[in-house]
Every structure is written in C-alpha cells, then in structure tokens.
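Please read the structure below before turning to the comments.
The values are calculated or read from the model by the stated rules, or taken from the named source; none is laboratory data. The model shown is predicted, which means the values in this text are computed figures rather than measured ones. Don't worry about glycine lacking a Cβ; one is built from the backbone with ideal geometry, like all the others, and counts go over all protein chains shown.
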Amino acid sequence: MQYLAVILGIFGLEWKIKNYVEESKTEGSTEEKCGPFLIIRKHHNKGAFLNAGQKKQKAVMVLSVLLTAVLTVLFVFTFGQLGKGLLKWGLTLLLGGAYSNTYDRLVRKYVVDYVSFNVPCGLRNVIFNIGDFCIMIGALLVVIGYGK
C-alpha cells in the first residue's frame, strides 16, 4: 500500500517539523533559508487557509473533520478501481495534508504554519506548511484525475 505509506510519511514529517517549530521558534521571528527566498517563521493559524474563519474555530474544526472523513471514504472507494492513478495520488496528497492539519486543529487548537516565500505582491506574508502544499497539489490532481 504505497498510498498509505505516503499519507503516513506526510503526516509524520509534518508532525516532526511542526513540533520542532513549536519548540525552537518564537512567534513572529524569521529565519532566511536558501538565500533570501525561503523564510522560516512560526505562525499559529486558528482558522483555515489565510486565517479564514479564525473567529469561528469550532466551525472550522468540524468542517475540517467532516471533509477529511468524506475524502477518506472516497479514497477507500478508489481502491477497487483499476487505473485512476491521478485521482488516487491526488487523494493521497490531500489526505496527508488534511490529516496533519486536522490533527493540529483537534489537538493544538490551531495549525502550525512555518514557511513563506520572499516574493513581491504581499505574498511574503502568506505562511504555509507542507500539508498545505500537499492539499493544493492533491486537489489539482483530483480535479484532473476525476474525469479520467
């Protein structure tokens, strides 16, 4: 089950990185990596993407659990289907990120974000985690692979 190994790998890597960030970084501090392009900083996201819904944390948490459960069921149903590689890999990435961020919402009461990019147009202020990238790439693969 390579898909499950990737989901567990994403979750485990994120858990380790987030714990490291929590223990070693202070909120708001920045550290440049890869030249000035990559910025490491600790941020507690109490909402969803871009802090949307931060004043409705419980609703965001419930929605996160429900969507993760629905995606898990959809993922399980794809096991019996031949082909559908893009769909399966998309769901794999989506679930790896979703499990990580949902775990944070349930256990920490916020999602730990820690990476941003030093690029123009205000994008420097957007802080991500690896799970966010997995969710974005996975969603794209699901859309592409769903019709095939």
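Checked against (1) in contact with a strand residue (DSSP E or B) (Cβ under 7 Å, 6 or more places away or on another chain); (2) in contact (Cβ under 8 Å) with a residue 24 or more places away in the chain, Lys109 passes all but condition (1).
Hey, does the stretch 96-105 have a residue that's basic (Lys, Arg) and over 14 Å from the mean Cα position of the chain (by Cα)? Within the stretch 96-105 (the criterion being basic (Lys, Arg) and over 14 Å from the mean Cα position of the chain (by Cα)), the answer is no, since none of the residues qualifies. When residues in the stretch 112-134 are screened for being of a type in the set (A, V, I, L, M, F, W, C), under 9 Å from the mean Cα position of the chain (by Cα) and crowded, with 22+ Cβ neighbours inside 10 Å, 1 of them pass.
If the condition is being surrounded by 21 or more Cβ atoms within 10 Å (Cβ to Cβ) and not aliphatic (A, V, I, L, M), then the stretch 69-101 contributes Gly90, Thr92, Gly96, Gly97, Tyr99, Ser100, Asn101. The residues in the stretch 99-138 that are among the small types (Gly, Ala, Ser) and at pLDDT 95 or above can be counted, and the count is 3.
Among the residues of the stretch 42-55, are any of a type in the set (D, E, K, R), crowded, with 16+ Cβ neighbours inside 10 Å and over 29 Å from Asn118 (Cα atoms)? No, because not a single residue in the stretch 42-55 is of a type in the set (D, E, K, R), crowded, with 16+ Cβ neighbours inside 10 Å and over 29 Å from Asn118 (Cα atoms).
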